[in-house]
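Report on one structure; see the data block that follows.
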Amino acid sequence: MPLPSDFVFSQHNLQDYLDCPRRFQLRHLERMAWPAVQSEPILEQERHMQLGEQFHRLVQQHQLGLPVEILEESAGSDPNLQTWWQAYLRHPQTELPPLRKPEFTLAAQFAGFRLLAKYDLLAVDPGKRAVIVDWKTNRRRTPTARLRERVQTRLYPFLLALAGAQLNGGEAWQPDQIEMIYWFTAEPDNPQVFPYSEKQYRSDEKLLRAWIDAIVRSADQPMLMTADQEHQCPLCNYRSFCERGQRAGAWEDGDGDVTDEGDLSSIDFDFHEIEEIEF
Amino acid sequence: MEVIPLSPLQRSVANREPIGRLFVEGPAGSGKTTAAIAWLDQLLRSGIPADQVLILTPQRTLAQPYYQAVHQPDLPAGSLPTIQTLNGLAQRMVLLFWPIVAREAGFARPAQAPVFLTAETAQFYMAQVVQPLKEEGYFRDITIDDNRLYSQILDNLNKAAFVGFDHTELAERLKASWVGKPAQLQIYDQAQDCANRFRAFCLENNLLDFSLQMELFSRHLWPSFLVQTYLKRTYQHLIYDNIEEDVPAVHDILREWLPSFQSALLIADSDGGYRAFLGADVESAASLAQTCEQHIQFTGSYVENEKLSMLSAYLTDALLRRAYQPSPAVEQAHQIHFERFYPTMVDWIGASIETLVRADGLQAGHIAVLAPFVSDSLRFSLMSNLENRGIPVRSHRPSRSLRDEPAARCLLTLAKLAHPQWELPLNRQEIRQMLMLAIGNLDLVRADLSAQTLFSPRKPKDGLASFDLLVPAMQERITHRVGEKLEILRAWLRDYQAEPQPLDGFLARIFGELLTQPGFGFAKDLEAAAVTARLVESVQKFRRVTSNEDAGKLYLEMIAGGVIAAQSPQAWEEIGRTDAVLISPAHTFLMVNRPVQVQFWLDAGSLNWWQRLMQPLTHPHVLSRRWPEGRKWTDADEYAANQESLARLVRGLLRRCSGRVVVCSVTLNERGDEEHGPLLQAFQSLRRRLNLTEEAA
């Protein structure tokens, strides 16, 4: 299937492509539903993801100015959430620029397609600096080397430089005005800061273009995984479709991160679409 | 964004300054939405940040052109507009501002997160409220399926929220309009009691059904200074399309909100109002026009041709019993075909579509087969017929029940087999059907032999017996190839019972670990995978909302009892993307809003084209804002409403047709009855007049 002209590239689908081209093709091009278990234990993983979502919402509410004492009550509904919340409050991010844009989306044309990123928080001081903050609720802090390789670490600052002019009085951000911070609930005192630079911007531009070009070239042929990618099959829901095993792998072997960068059209369920049920 | 040559009228919309409020009205297909998208493009190219733009539609399907527009690669770099229904926006606001409004809105646990109910989970909780009352004698005097009883009480609550009156007034309004037997008055009171108790239950447990969500937004969130400030600061520019399909409560909010937008473009379809049964209010929508400084009227159609326009006008005249003199030109815009029996009609339609696709070169996606309701048997027979001819076909029934899908039935049987402790009834027929699907290439005879010999309905807890224990002659008949798979299935179920999961987890596990493994029935079966995905999602939502340890058992009981149908909305985008003949209920087709070249109208004689669904506990007209308090709803009102509704439906369908309509009628319908409903009568009237015109010429 050739790549549709309105296909939108994001860190989620590009990371899938890098992890396994076959998975990218099945999930994002063919949009194939394959509801096998991704990893186990199911309930523990689900609970952690729900807490991650609640934490992201609490932070968003806080950044929008809802009173802390009211949010305290919501955070108190779960001991883990309470711990994360207290850690967040102990690290008030006062050094961040003053203008805050929580849950903000940017997109731009790149390599003939649309490139999109949804930021947990953009903190900007127009003309001076822009900080991307990403809240990570993984059970363990992701190693720096691994983070550096993630598509997110390349795409987010790159896209802010490319498409963030509206947050800088209409002027494009210079790459060296941008930095990216990963803040971990697992290690709140040990955030990971990645400063950005012109050199990194050029490198990321080249790399992103190369990935997209490779996808465009191979989209209408069966995409295959390479031998060094097979270790990921136990944590992939397409495992049985690709005849790569039965049982799902352990969740703790994966990233265990909450990603809220979904399909643009996946808005909430609309009751209007349901007619009276006929039996 | 794609460059589309615009008409002068469209340019006048697209090129205006982003200041002030513009009201655009016109028929479907006249280019209003295209103009709005061009205006959106203009806004974004002028440097206005896209996150300041709010695009509202009453239903998600109607937003598809806007989704497509914002996915175009050459859109200016920057943020994205918000595309939402007001319901979707309300849900976001509830999530964001819940901590500050939950207490004052009367929720008993404001520190806990709200739980949004789906149609299914709302019915489940309504059942908890209503069942004990039924045992006390409520609703004894009416015959109605439980699920319809629950959905109509929920619908009443929705109507109150949409129209903007208190839900405690429902019975009074319904009673005041009633002219029939007095026994009905008590039923309205009972429905009111159920609605009140359900609302109290929701408040006690942080549950938000659709009506409470809307009320929370309109009564608590929207009036909040904090929320209004947030919304008004966030959104400076508004595009609100198909306003005629929205409900008065939404129009009320927009009426207050409009002055704070720098620019607003409101778009109304002059023939619309198809969602009146859901509370859409054309007059309330039209009143928004008064808040706009500028008005533009669109005319003509980019879709419908002149002959179809004439056909539409003549049919409206015929339906409303007005005088008309048809032009012979409309002969080319329609065809009427009669058959005596249903199966021959289905075959004729299949053959006609094959001719259109193969001989005339029409794309399958440019054909729609429409009926007032699409029954399972119609759907199955028509889809099979077309598939056998190699014609791609898709059906869309928003309320189609997953439990009617063979793959879902197979999974639900396996679930009962895997959880004997639930003690749910299981019979050999279910086992046989399950085996035919679960075991690859298993024919009916071997599946039946397996079910007969390996499963005892008297001892369902024992599950499947071992194939190895069968006498050799029986093993030979079933075959060892099948026996091997039966043993794998048994072993899997046994291992699973050692570490059971919630029902959705069970379904996902057996799907991945067994059914889709090589040689089993779901291997590489994308249709079965899609059905499984929807079932897993439905069960998961149910489990998360009910938070009950026995959620899996409850879910299966609710399915068996017909309380819920395991329904899950199919992706509308999927329908739009696929080049396949669409089989759909007529009203659903209107809301998909995708014009086609040829439409087949089935069952033209059916009264269902004309009359509304029988709903003894609710009433779309009486519970609307238009209905004067205390006025009686008479047969004359019913007749007039049905006439007007059919005329609107016919206009709407023909507005979305660019070639011709093929009207199909059978002497004996699916149930073997003869029907001569008003739609068929209108076509017969037209035919008679055309014949007279021909004779006179």
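Structural remarks
- Scanning the range A:178-229 for residues that are open to solvent by less than 40 Å² (accessible area, probe 1.4 Å), part of a helix (DSSP H, G or I) and not charged (D, E, K, R) yields A:TYR201, A:LEU208, A:TRP211, A:ILE212, A:ALA214, A:ILE215, A:SER218, A:GLN229.
- Options B:LEU417, B:LEU411: the member that is assigned to a helix (DSSP H, G or I), away from chain A (no Cβ under 14 Å) and either under 29 Å from B:ALA119 (Cβ atoms) or open to solvent by 50 Å² or more (accessible area, probe 1.4 Å) (or both): B:LEU417
- In the set B:SER658, B:SER685, only one residue is open to solvent by less than 40 Å² (accessible area, probe 1.4 Å) and either under 26 Å from the mean Cα position of the chain (by Cα) or of a type outside the set (Phe, Trp, Tyr) (or both); that residue is B:SER685.
- The listed residue being aromatic (Phe, Trp, Tyr), out of contact with any Lys or Arg (no Cβ under 6 Å at 6 or more places or on another chain) and over 30 Å from A:GLY245 (Cβ atoms), out of A:PHE113, A:PHE7, A:PHE24: A:PHE113
- Filtered by the rule that a residue be part of a helix (DSSP H, G or I) and open to solvent by 60 Å² or more (accessible area, probe 1.4 Å), the range B:132-147 gives B:PRO132, B:LYS134, B:GLU135, B:GLU136.
- Condition met for B:SER177 (buried (at least 18 other Cβ atoms within 10 Å of the Cβ) and either in contact with a helix residue (DSSP H, G or I) (Cβ under 7 Å, 6 or more places away or on another chain) or basic (Lys, Arg) (or both)): no
- Condition check for B:THR85: touching a Phe, Trp or Tyr at 6+ places or on another chain (Cβ under 9 Å), open to solvent by less than 10 Å² (accessible area, probe 1.4 Å) and either outside the structural domain of B:GLN236 (by TED's automatic domain parsing) or not hydrophobic (A, V, I, L, M, F, W, C) (or both): no
- When B:VAL227, B:VAL163 are screened for being in contact (Cβ under 8 Å) with a residue 24 or more places away in the chain and in contact with a Lys or Arg (Cβ under 8 Å, 6 or more places away or on another chain), only B:VAL163 passes.
- B:ALA195 satisfies every condition listed in (1) of a type in the set (Gly, Ala, Ser); (2) at pLDDT 95 or above; (3) under 30 Å from B:LEU535 (Cα atoms); (4) touching an Asp or Glu at 6+ places or on another chain (Cβ under 8 Å) except (4).
- Scope the range B:358-377; condition open to solvent by 10 Å² or more (accessible area, probe 1.4 Å) and within 14 Å of chain A (Cβ to nearest Cβ); matching residues: B:PRO372, B:PHE373, B:SER375, B:ASP376, B:SER377
- Only one of A:LEU51, A:LEU18, A:LEU26 that is open to solvent by less than 30 Å² (accessible area, probe 1.4 Å), more than 9 Å from chain B (Cβ to nearest Cβ) and either modelled with pLDDT of 95 or more or farther than 18 Å from A:TRP135 by Cβ (or both): A:LEU26
- Taking (1) within 9 Å of chain B (Cβ to nearest Cβ); (2) open to solvent by less than 50 Å² (accessible area, probe 1.4 Å); (3) in contact with a helix residue (DSSP H, G or I) (Cβ under 7 Å, 6 or more places away or on another chain) in turn, A:GLU46 satisfies each apart from (3).
- Taken over the range B:7-17, the criterion of being of a type outside the set (Ser, Thr, Tyr) and more than 24 Å from B:SER287 (Cβ to Cβ) is satisfied by B:PRO8, B:GLN10, B:ARG11, B:ALA14, B:ASN15, B:GLU17.
- Answer residue from the range B:506-535, given it is under 26 Å from the mean Cα position of the chain (by Cα) and more than 7 Å from every other protein chain (Cβ to nearest Cβ) and is most open to solvent (accessible area, probe 1.4 Å) among those: B:GLU527
- Among (1) without any contact (Cβ under 8 Å) to a residue 60 or more places away in the chain; (2) more than 15 Å from B:LEU86 (Cβ to Cβ); (3) in a helix (DSSP H, G or I); (4) open to solvent by 10 Å² or more (accessible area, probe 1.4 Å), the one test that B:ALA195 misses: (4)
- Members of the range B:593-636 found to be part of a helix (DSSP H, G or I) and of a type in the set (Asp, Glu), listed by number: B:ASP635
- One residue stands out in the range B:226-241 among those that are open to solvent by 10 Å² or more (accessible area, probe 1.4 Å) and either on the phi > 0 side of the Ramachandran plot or more than 12 Å from chain A (Cβ to nearest Cβ) (or both): the one that is nearest to the chain's Cα centre (by Cα), namely B:TYR235.
- The single condition among (1) farther than 21 Å from A:GLU149 by Cα; (2) more than 14 Å from chain B (Cβ to nearest Cβ) that A:ALA165 does not satisfy is (2).
- All strands (runs of 3 or more DSSP E) inside the range B:268-380 with 3 or more residues being touching a Leu at 6+ places or on another chain (Cβ under 9 Å): B:294-297, B:367-371
- Segments classed as helices (runs of 4 or more DSSP H), wholly inside the range B:1-116, with at least 2 members that are facing chain A (nearest Cβ under 9 Å): B:64-70, B:86-101
- Unmet requirement for B:VAL94, which otherwise passes all of (1) more than 30 Å from B:GLY552 (Cα to Cα); (2) crowded, with 21+ Cβ neighbours inside 10 Å: (1)
- Residue in the range A:245-268 that is under 30 Å from B:GLY512 (Cα atoms), more than 9 Å from chain B (Cβ to nearest Cβ), modelled with pLDDT of 85 or more and not in a loop (DSSP other than H, G, I, E, B) present: yes
- Taken across the range B:487-503, residues that are part of a helix (DSSP H, G or I), over 15 Å from B:GLY463 (Cβ atoms) and within 14 Å of another protein chain (Cβ to nearest Cβ) do occur, with at least one present.
- Pairs linking a residue in the range B:259-288 that is in the same structural domain as B:ARG656 (by TED's automatic domain parsing) to a residue that is open to solvent by 10 Å² or more (accessible area, probe 1.4 Å), with Cβ atoms under 7 Å and 6 or more positions apart or on different chains, do not occur.
The values are calculated or read from the model by the stated rules, or taken from the named source; none is laboratory data. Please read all numbers here as calculations on a predicted model, not as lab measurements. Backbone-built Cβ (ideal geometry, glycine too); neighbour counts: all protein chains shown. Surface areas here come from the heavy atoms of the whole protein model, side chains and all, with no ligands, DNA or RNA. Shrake-Rupley method; radii C 1.70, N 1.55, O 1.52, S 1.80 Å.
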